[in-house]
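Asker: Shown below is the structure under consideration.
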Amino acid sequence: MSTHPRLARITLFPIKSLDGVAVDRVALTAAGSLAGDREFALLDAQGKFINGKRNAAIHQIRSTFDLAQRLVTLRLQAGAQPAATFHLDHDQEALATWFSDYFQQPVTIAQNHEAGFPDDPVAWGPTLISTGSIATVASWFPDLTVAELRDRLRTNLEIDEVEPFWEEQLYSTAGNGIPFQIGAVPFLGTNPCQRCIVPTRNSQTGEPTAQFQKTFMAQRQITLPPWAERSRFNHFYRLAINTQVPAIDPNSASANEESRMLQVGDRLTLASGSID
């Protein structure tokens, strides 16, 4: 396979832990996150996230977004309850009531325009994986499709035209980020992403896949490519790459719209200009 990494897919998750939406183009915020990604989060009465890690019932909620109009439409996977549409900025009280009724507990809506609510509070840039990696991991499970695994992994950026696990070269030893670019946007690859319980469950129903984590870890150890930095694997339940986006001084010559914009079709290049 030729190695010309290309950005094939961009997925945003406007409300943390709910369904994603694919876009062709997205800007990066000043904080280095994708604009609109995990901008909103659901909080319980103690101020803790209501998410798939803590509450499998969230998998039963289907959400579709009209990003241009700032609308979300919610419905339940099962049952006859009609869909409900809310404005993300103006209807937050009604939106919180919908979630409170569903979860049977008080829910508040938190919003962060700049950084969102990333899973990794240090490397909060977009997460990245290759299409080949998703397809390979899906093949380890007889009933798992590429589309379903993609929904379980919830990764922001997907690259193609590379072999499976090619992206494992985008991190090094702890504390040593690997610089690369997608289009004109600079990144640092920081570490392989530690997975949680969410990928073990069906994204639409929350039903667990038997032996998912055990099978995943065994296969990851066997298939870990030679270019992966093994010191970053204290266990093998890791997949996809966490990133940072270096801050850009708004007054510098490099501070332009292109340097903060990603688009499907953009090429990924290493800082050296070479692709191994």
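Asker: Calculate, in nm to one decimal, what GLN46 and ALA84 gain on full extension: separation in residues at 0.36 nm each, minus their alpha carbon distance.
Answerer: On the way: separation 38, 0.36 × 38 = 13.68 nm, distance 2.65 nm.
My answer for the length gained is 11.0 nm.
Asker: Short version: ³J(HN,Hα) in whole Hz for each residue of the range 43-58, in order, from phi by Karplus 6.51 cos²θ - 1.76 cosθ + 1.60 (θ = phi - 60°), x for Gly and Pro, what are they?
Answerer: 10, 8, 5, 8, x, 8, 4, 9, 9, x, 5, 9, 8, 5, 4, 5
Asker: A further question on this structure: Please state, to two decimals, what the Cα-based radius of gyration of the chain comes to when divided by 2.2 N^0.38 Å (N = residues).
Answerer: 1.01
Asker: Another question, if that's okay. Quick one: which of 225-235, 121-131 comes out on top by average Cβ neighbours within 10 Å, and what's the full order, highest first? List each step's numbers first, then the result.
Answerer: Values: 225-235: 12.0, 121-131: 20.6.
Packing proxy ranking, top to bottom: 121-131, 225-235.
Asker: Using just the helices of the chain, give the 222 nm mean residue ellipticity in deg cm²/dmol: DSSP H runs with n ≥ 4 each add -39,500 (n - 2.57), and the total is spread over all residues, rounded to 500.
Answerer: Numbers: 4 runs with 40 residues, N = 276.
My calculation for the chain gives -4500 deg cm²/dmol from helical runs alone.
Asker: With every protein chain kept in place and ligands, DNA and RNA left out, what is the accessible area per residue of the range 44-150? Probe 1.4 Å, answer in Å².
Answerer: Value returned for the range 44-150: 51 Å² of accessible area per residue.
Asker: Run the paramagnetic zone check for GLN104: 7 angstrom along Cα to Cβ, then residues of the range 13-47 with backbone nitrogen under 19 Å.
Answerer: Residues passing the 19 Å test: 43-46.
The values are calculated or read from the model by the stated rules, or taken from the named source; none is laboratory data. It should be emphasised that the depicted structure is a prediction, and the values quoted were computed from it without experimental measurement. Reconstructed Cβ throughout: ideal geometry from the backbone, glycine too, with neighbour counts over all protein chains shown. With ligands, DNA and RNA removed, areas are computed over all heavy atoms of the protein, side chains included. Shrake-Rupley method; radii C 1.70, N 1.55, O 1.52, S 1.80 Å.
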